[in-house]
1. For chain A, with all protein chains present and a 1.4 Å probe, just round the carbon and sulfur fraction of the accessible area to a whole percent.
2. By accessible area of protein heavy atoms, probe 1.4 Å, what ranking do A:TYR46, A:TYR64 get, highest first?
3. Name the residues whose placed amide hydrogens come within less than 5 Å of the amide hydrogen of B:VAL19, ignoring near sequence neighbours (fewer than 5 apart) on the same chain.
4. Taking only protein heavy atoms into account and a 1.4 Å probe, give the accessible area per residue of the stretch B:2-87 in Å².
5. Can you list residues from other chains, or at least 5 along the same chain, whose modelled amide H is less than 5 Å from the amide H of A:VAL80?
6. Describe numerically, in nm with one decimal, the distance between label points set 7 Å from Cα along Cα→Cβ at A:VAL3 and at B:ALA18.
7. Per residue, how much accessible area does the stretch A:10-105 have with a 1.4 Å probe, in Å²?
8. For A:GLY30, what is the net charge nearby, where nearby means another residue's Cβ is under 14 Å from its Cβ and Lys, Arg count +1, Asp, Glu -1?
Amino acid sequence: MDVNERIGNLISSNGVMLFMKGDRRFPMCGFSGQAIQLLESCGAVYETLNVLEDDEIRQGIKAYSSWPTIPQLYVGGEFVGGSDIMMSLHQQGELQRLIKETQTA
Amino acid sequence: MQVQTTIEQKLAAGLQPAVLQVINESGMHNVPAGSESHFKVVAVSDAFVDLGLVQRHRQINGLLADELAGPVHALSLQAFTPEEWVARGGQFDASPDCLGGSSAG
């Protein structure tokens, strides 16, 4: 299975999927930590993948969505953005709505 | 200051921003003094009118593709239209603290 298939499987089988540095208990980057805090504050049920332990995905995920930085959030199989966008959406109440929609679907 | 100056010049040319702040946040991170690896960009431009958040970030990431492929490891973006900027009272969000994670990428 190539890296795009692996990524495709991860985002299609997890309604809320975060590619990050570290994990939810020990984020290894402030932006990844902020992403976790925002997901937690939404009460999201989510999966994470630690790119520091998977170099193929660390590189592949940047090409997958033509997005040069990590973290990256996918909801309902769609790319949402990084931690700045998550913060903006959260301030507008949109992140909560998006996650709720996915998790009640 | 070379990377910072390049970022400022490329964004000034590409966006004709009404407000542009390029902040070197490398000192917040686990990198040598004087590094130019972590930046925050706050840009206010008519170029963002009618663009979603992801599209705004893609536009900036595109202008800075060379820097992101090279020395710049983290880029936090806050992109507003002039109207949004006034509504926010000219305030932008602070970056999260570094959590000590790894270098490049």
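1. Working: 2300 of 4840 Å².
Percent of accessible area from carbon and sulfur atoms in chain A: 47.
2. Values: A:TYR46 15, A:TYR64 85 Å².
Correct descending sequence by accessible area is A:TYR64, A:TYR46.
3. B:VAL44
4. Counting only protein heavy atoms, the per-residue value for the stretch B:2-87 is 47 Å².
5. Under 5 Å from the amide H of A:VAL80 lie the amide H atoms of A:LEU73, A:TYR74, A:VAL75, each far enough along the sequence or on another chain.
6. Each label point is offset 7 Å from its Cα along the Cβ direction, giving 4.1 nm.
7. Numbers: 4240 Å² over 96 residues.
Per-residue value: 44 Å².
8. Net local charge, A:GLY30 excluded: -2.
The values are calculated or read from the model by the stated rules, or taken from the named source; none is laboratory data. It should be emphasised that the depicted structure is a prediction, and the values quoted were computed from it without experimental measurement. Don't worry about glycine lacking a Cβ; one is built from the backbone with ideal geometry, like all the others, and counts go over all protein chains shown. In case anyone asks, the SASA skips ligands and DNA or RNA and just uses the protein heavy atoms, side chains included. Shrake-Rupley method; radii C 1.70, N 1.55, O 1.52, S 1.80 Å.
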